[in-house]
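Heads up, the thing below is written out as structure tokens.
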Amino acid sequence: MAMAGTKIKTGVKSMSENVFDTLKERGFVAQCTNEEAVRDMLGKEKVSFYTGYDATADSLTAGHFLTVMAMQHLQRAGHRPIALIGGGTTLIGDPSGRTDMRQMLTREQVDYNANRFKEQLSKFIRFDDKDGAILVNNADWLLDLKYVEFLREVGVHFTVNNMLRAEAYKNRWERGLTVFEFNYMLMQAYDFYVLNKEYGTKLEVGGDDQWSNMLAGADLIRRKEGKDAEALTLHLLTTSDGKKMGKTMKGALWLDPKKTSPYEFYQYWRNIEDAKVEECLALLTFLPMEQVRDLGSLKDSEINKAKEVLAFEITKMVHNEEEAAKAQEAARSLFGGSSDSNNIPAFEYPKAKFEEGIDLISMLVDAKMATNRSDARRNIEQGGVTVNGTKCTDVKKIFKLEDLDSDGNLLVKKGKKSFIRFKAGV
């Protein structure tokens with residue numbers, strides 16, 4: 001069995017094998033408008049398909065990475081991805097799965113986020129030749145729409161009754177659903193319609209929480225153009241109790257190394273629950289399924305070997321092999337007793353700050369090891385914090401330059417798995 005850090009075959013199937021079967025076997029497929037039709041289409045022709053990303057932040061997340069993996073499988077099988085950046089729909093905000101209205105962003109914020117998404121997607125999807133992927137922004141057609149004309153062209157094909165039955169709106173109905181957000185489904189449906197007309201797009205691929213919106217798009221194409229269009233949703237990454245995966249103490253698990261360091265990213269996957277290892281190996285790596293099943297069958301402490309492979313493979317794809325190796329080495333140094341701490345995430349204070357003295361509560365809060373000062377105080381009092389290997393329960397503890405070790409570090413551990421290396425700058 002191959003271990004983390006070794007060369008592993010990608011398990012990419014030949015062009016003659018149907019990629020729908022690959023997606024099905026690896027656990028991607030949640031719902032499909034017509035499974036037989038989609039499989040037949042993907043097996044007989046080069047299909048233009050699209051996946052949309054609303055630019056609500058300046059980085060993609062681990063949740064987005066699942067759809068990116070599906071896009072890569074489809075592109076490797078010869079199909080053309082269209083990555084749609086929601087420069088227009090982001091100005092509205094998708095109400096799906098939310099109990100409150102999303103924060104409204106400015107046009108400048110949305111444009112900045114959209115450009116960041118383009119950069120990140122280019123790491124995974126090939127855009128560099130005539131048969132490569134296409135990147136579009138729905139701001140190009142949504143922002144210049146004339147509202148009355150849009151309602152006449154698109155709105156007449158939707159009934160309020162059907163829209164209110166959609167999962168996208170159920171959670172909001174009791175608390176209040178604005179007319180502003182109510183338009184979101186029409187706008188996403190219109191995206192599919194535009195892409196069908198411009199690029200012959202026949203298939204939309206997205207997370208399972210988008211099912212209602214995707215059905216609306218496929219139905220709009222059938223009504224206006226008399227053409228078949230299909231939707232394929234992907235299982236969301238969830239924990240065993242149904243919560244979305246990809247959340248850390250600091251918030252979302254970002255693909256941007258400035259927001260989530262490669263070490264933190266690696267550690268997230270290294271520490272997932274045992275029951276989810278095989279699923280994540282199938283969805284988030286290109287390892288052959290035989291190897292995925294072998295790794296997933298490991299029990300007790302042996303499952304940690306599979307977690308190392310999972311964490312290394314995902315970190316290698318999202319960042320690079322060098323960063324994955326550094327993260328792995330840092331994790332092994334912490335949990336294996338090694339003295340090498342150079343690859344552990346660092347938080348730097350000015351030297352003058354250490355000369356004055358820094359209280360431990362402030363250090364935990366500043367490094368986001370605690371959500372606030374009360375949280376930091378509670379962890380210290382309960383014995384959950386160690387400094388350079390020694391438990392510290394003194395909430396008034398102050399650290400100065402002389403407390404740094406011979407390498408100029410102060411290694412703070414909170415709980416079993418959260419580490420930060422504090423150091424003095426200039």
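Structure values in brief
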{"item": "Helices (runs of 4 or more DSSP H) completely within region 100-156 that count 2 or more residues being open to solvent by 100 Å² or more (accessible area, probe 1.4 Å)", "result": "107-121, 147-153"}
{"item": "Residue in region 238-253 that is crowded, with 19+ Cβ neighbours inside 10 Å and β-branched (V, I, T) present", "result": "no"}
{"item": "Members of region 38-94 that are of a type in the set (D, E, K, R) and surrounded by 22 or more Cβ atoms within 10 Å (Cβ to Cβ)", "result": "D54, D94"}
{"item": "Residue within region 317-339 that is more than 30 Å from L287 (Cβ to Cβ) and not in a helix (DSSP H, G or I) present", "result": "yes"}
{"item": "Residue ID - surrounded by the fewest Cβ atoms within 10 Å (Cβ to Cβ), chosen from residues in region 359-375 that are under 28 Å from the mean Cα position of the chain (by Cα) and either at pLDDT 90 or above or assigned to a helix (DSSP H, G or I) (or both)", "result": "N372"}
{"item": "Candidate set: region 301-335, residues that are open to solvent by less than 40 Å² (accessible area, probe 1.4 Å) and of a type in the set (D, E); chosen: the one farthest from L255 (Cα to Cα)", "result": "E308"}
{"item": "Selection status of G86, closer than 23 Å to L215 by Cβ and at pLDDT 85 or above", "result": "yes"}
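The values are calculated or read from the model by the stated rules, or taken from the named source; none is laboratory data. The structure presented is a predicted model; accordingly, all values stated were derived computationally and were not measured. As a convention, Cβ positions derive from the backbone with ideal geometry for all residues, glycine included, and neighbour counts pool all protein chains shown. Calculation scope for accessible area: heavy atoms of the full protein, side chains included, ligands and nucleic acids excluded. Shrake-Rupley method; radii C 1.70, N 1.55, O 1.52, S 1.80 Å.
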